[in-house]
Structure formats: structure tokens, C-alpha cells
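Here you go, one structure.
The values are calculated or read from the model by the stated rules, or taken from the named source; none is laboratory data. Please read these numbers as outputs of a predicted model, since none were measured by experiment. Here the Cβ positions follow ideal geometry from the backbone for every residue, glycine too, while neighbour counts run over all protein chains shown. Surface areas here come from the heavy atoms of the whole protein model, side chains and all, with no ligands, DNA or RNA. Shrake-Rupley method; radii C 1.70, N 1.55, O 1.52, S 1.80 Å.
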Amino acid sequence: MSFENVKRLVVKTGSALMVDAEGGVRADWLAGLADDVAMLKARGLDVIVVTSGAVAIGRWKLGYGTRVLKIEEKQAAAATGQVWLAHAWLEALAARGIVGAQLLLTPDDTESRRRHLNARATVATLLETGAVPIINENDTVATEELRFGDNDRLAARVAQMASADALVLLSDIDGLYTADPHRDPAARHLPQVTDLTPEILAMAGEARPGYSSGGMVTKLGAARIALGAGCRMAIASGKRMRPLQALEQGARCTWFMPQGSPASARKRWIAGTVEPAGAVVIDDGAVRALGQGKSLLPAGVVGVEGSFERGDAIRVRDKAGREVARGLSAYAAADIARIQGRRSSDIEELLGYRGRDEIIHRDDLAMGPV
Ligand code: GLU
């Protein structure tokens, strides 16, 4: 079990893999990982990188060394180190003919339905061109209460946002054990997990304080997000060179296997909105088109209710008032009122900007009354 049937992979690397004990990028290791990325891309996979290491690099550049940092010092270190980190990735990818592109995200960009359409569209567009998104948390602006805090969770949210079907967390350990293998010689390695039962969660033990923020607890938190998004996830050792190739060749790791697919999980996520912010009313032709799996275009909309923003979840009703679907609106209510009944090619003239052709893209639609 490795990358069979995988179309879109997110790979996350921890700080201790990216950066040596004195704040230098581990260039040889990174070159090997870039070889792995190039190998998978040559096979047609989309690859997204989530990389830690900004603080680990920046703390040395600013002369902080290993000491415990205050939040604003961490942010200064991140601001400094991120440039080096992104540059190291860019060069490693460019040497293999691959274009890298940086995204710095906050939880709002991936977690709220309201915001995430923008980041999702950017990532999708980059992947279409063959580029590799290189993602980290936007540490310099994230406040303590409002941050991912660790890149395991960020990586799982990115996988969810991008509808990835596999996530690999490269770490200093080769998977989940029944107990901490450093302390308990009887600890057993688990090659596969399908259910995050209380017993499994208990195996993570306590969160480990110290240098890297992501212990086993945060990895299982990431697994919960990934499985909920229909994305399989591996915890694998990044200590060896070419870690993804090693995984394919059967290196030990733990795979967490989801029940559904990313597409079905996304529709459940959309359908699960507690209270949609509003609705659009559509004509019978549009009801039929949606039933055939098509997107909702402005031409089929005859009315709009409520006040909502781009990215909000809304109801889709037929003219009799029946709910036929829910979806994420690519336009605010006020803009829909101006483009309803019109052709997509008129959008720019009507709104003064060129938005999406669809009011709700089919990937963002969950059919049926919910
Ligand atoms: N975003 C942090 C950095 O780049 C790392 C967070 C983590 O290690 O999980 O330094």
C-alpha cells in the first residue's frame, strides 16, 4: 500500500528534517526529496509540499540560537527563515525542471467555508500548470489563539482543501506504535489503522514539549482531519534519503485509511452546514442540469435570498421552494442579484471583475435535500 491510485499527494516535512542543528538547510536531504517529488510528478501525480523550518532557520540568523523564544521573536524568526526555506525549495525543484510557488496560510484560509475557495482555486490553478505549491503557516501574522500551531494540522487541512487523496507526514518516527518505543521495548508497530478508536488515540501518549511542535498527538489530530476528508495518511520516517521512494519500496510506516473518497467527503462537509447563509432559486432547466452533474451557471438563477459572501454555503431551491442541493457560492448575494439570468461571458461587464463562470462549481455542490 503506497501511492497506488493516488492522484494528488500532500507531503509534509518537519523542521528537524529540513534544518540542521545550527539553522542550515539540509540541502542533500532536500535534493533527495525533490528527486522523489520529480519522480511522482513524472508519473502524473499532483504534488503539494507543506514545509516547516522557518523558525528553525530564522532563530539562528537572528542570533537567538536554541533558546526558548517569545511569540514575537518566533514571528521575527519565521519572517527571516521563511525566505531561506522557500528559496531552498525553489532551487531544489528548479534543478529538476519544476516550478515552485509559495503559499502562506492561516486557519481561516483553509477551515472556514467562507474563505477557503480562494486558496483552493489558487492551488488548483498552480497544479494545472504543473507547479508545486510550497506551503507553510503564515507565522508572522498568526496570533497565538488563531493559528494552526503545527504543520501536521496545516497539512491535513491543505489536503482537505485541495481534495488530495494522500497525505504523507515525514517525521522522525516510522509510524504509530502501541506505546512509546523509546520507553517501552514491548511497543508494537501498527502498519495500518482504519478507525481512530479511543485505544488508538491513547497510544499517542502525552504531547511532547520541545523543539518540534508536532508529536504523535498532533499527528493523530491530522489523521482525524484527513480521514474525515476521504484522504489516506501515512506517518513515515523522513530520516533516510529519498523517503517517498523508500515508502514505495516498502519502508515501514503507518497508513491511516479512510472510508470514502475526497469528493464524497467534500460533499458531506458542504451538506453538513448547520444553517446556510441564504439561497438561490433556479429554473427547471438548471434543476435538470444539476441532476446531470453540471455546475450552476448564472443563466439558470431566477432569484436570490438572504445575504451571504463568496464562499458561504447556501441552499439551492427550485421554483416551488424545494431544496434541491447545497453548495458553496462563488459570488456574494448582491453580485448574484446582478448576474442572475445572464450569460457567464457577461459577468465581467456586469460586475466590473472577472469571477468564476459558475455560481456554484459542481465540485462544490451536494445534491439532494439535506
Ligand atoms: N510553521 C513553523 C515553521 O515553519 C513550523 C510549525 C511546525 O513545526 O509544525 O517553523
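So, in the stretch 77-129, how many residues would count as being acidic (Asp, Glu) and under 18 Å from Asn151 (Cβ atoms)?
Of the residues in the stretch 77-129, 3 are acidic (Asp, Glu) and under 18 Å from Asn151 (Cβ atoms).
Do we have Asn138 as within 16 Å of the ligand (Cβ to nearest atom), farther than 30 Å from Ala42 by Cβ and of a type outside the set (Asp, Glu) here? Walk me through it before giving the result.
Details: within 16 Å of the ligand (Cβ to nearest atom): yes; farther than 30 Å from Ala42 by Cβ: yes; of a type outside the set (Asp, Glu): yes.
Criteria met by Asn138.
Quick check: anything in the stretch 6-28 touching a Phe, Trp or Tyr at 6+ places or on another chain (Cβ under 6 Å), modelled with pLDDT under 95, closer than 30 Å to Gln192 by Cβ and surrounded by fewer than 22 Cβ atoms within 10 Å (Cβ to Cβ)?
No: zero hits.
Here's a follow-up. Just give me the residues in the stretch 150-190 being in contact with a Leu (Cβ under 9 Å, 6 or more places away or on another chain) and in a loop (DSSP other than H, G, I, E, B), in sequence order.
Hits for the stretch 150-190 are Ala162, Ala164, Asp165, Asp172, Gly175, Thr178.
Among the listed residues Met216, Met241, Met233, which satisfies the condition of being out of contact with any Leu (no Cβ under 8 Å at 6 or more places or on another chain) and either closer than 23 Å to Val37 by Cα or open to solvent by 20 Å² or more (accessible area, probe 1.4 Å) (or both)?
Met241
Could you list all residues from the stretch 113-138 that are touching a helix residue (DSSP H, G or I) at 6+ places or on another chain (Cβ under 6 Å), modelled with pLDDT under 95 and either over 13 Å from Gln102 (Cβ atoms) or among the aliphatic types (A, V, I, L, M) (or both)?
Arg115, His116, Ala119, Arg120 - these are the residues of the stretch 113-138 that are touching a helix residue (DSSP H, G or I) at 6+ places or on another chain (Cβ under 6 Å), modelled with pLDDT under 95 and either over 13 Å from Gln102 (Cβ atoms) or among the aliphatic types (A, V, I, L, M) (or both).
Being touching a Phe, Trp or Tyr at 6+ places or on another chain (Cβ under 8 Å), assigned to a helix (DSSP H, G or I) and away from the ligand (no atom under 12 Å from the Cβ) is the filter here, so list the residues in the stretch 76-110 that pass it.
Pro107
Which condition does Thr197 not pass, out of (1) open to solvent by less than 50 Å² (accessible area, probe 1.4 Å); (2) away from the ligand (no atom under 16 Å from the Cβ); (3) polar (S, T, N, Q); (4) modelled with pLDDT of 90 or more, if it passes all the others?
Thr197 satisfies every listed condition except (4).
Within the group Ala78, Ala94, Ala119, which residue is over 30 Å from Leu365 (Cβ atoms), surrounded by 21 or more Cβ atoms within 10 Å (Cβ to Cβ) and among the small types (Gly, Ala, Ser)?
Working: Ala94 fails: surrounded by 21 or more Cβ atoms within 10 Å (Cβ to Cβ); Ala119 fails: over 30 Å from Leu365 (Cβ atoms).
One residue alone meets the criteria, Ala78.
For residues in the stretch 65-75 being touching a helix residue (DSSP H, G or I) at 6+ places or on another chain (Cβ under 7 Å) and open to solvent by 50 Å² or more (accessible area, probe 1.4 Å), which is farthest from the ligand (Cβ to nearest atom)?
Ile71
Hey, another quick one. Please state which of the following conditions His189 fails to meet, knowing it meets all the rest: (1) within 20 Å of the chain's Cα centre (by Cα); (2) modelled with pLDDT of 90 or more; (3) surrounded by fewer than 20 Cβ atoms within 10 Å (Cβ to Cβ).
(1)
Go through the stretch 265-292 residue by residue and tally those that are in contact (Cβ under 8 Å) with a residue 24 or more places away in the chain, among the small types (Gly, Ala, Ser), surrounded by fewer than 20 Cβ atoms within 10 Å (Cβ to Cβ) and farther than 13 Å from Gly327 by Cα.
Qualifying residue count for the region: 1.
Which residue, of Leu127, Leu93, Leu103, is within 15 Å of Ser52 (Cβ to Cβ) and not acidic (Asp, Glu)?
Being within 15 Å of Ser52 (Cβ to Cβ) and not acidic (Asp, Glu) holds for just one of Leu127, Leu93, Leu103, which is Leu103.
Residue check, Met161 against (1) within 12 Å of the ligand (Cβ to nearest atom); (2) in contact with a His (Cβ under 6 Å, 6 or more places away or on another chain), all met but one. Which one?
The single condition Met161 does not satisfy is (1).
So, one more: Before we move on, is Val47 within 15 Å of the ligand (Cβ to nearest atom), open to solvent by less than 40 Å² (accessible area, probe 1.4 Å), part of a strand (DSSP E or B) and under 19 Å from Ala251 (Cβ atoms)?
No, not satisfied.
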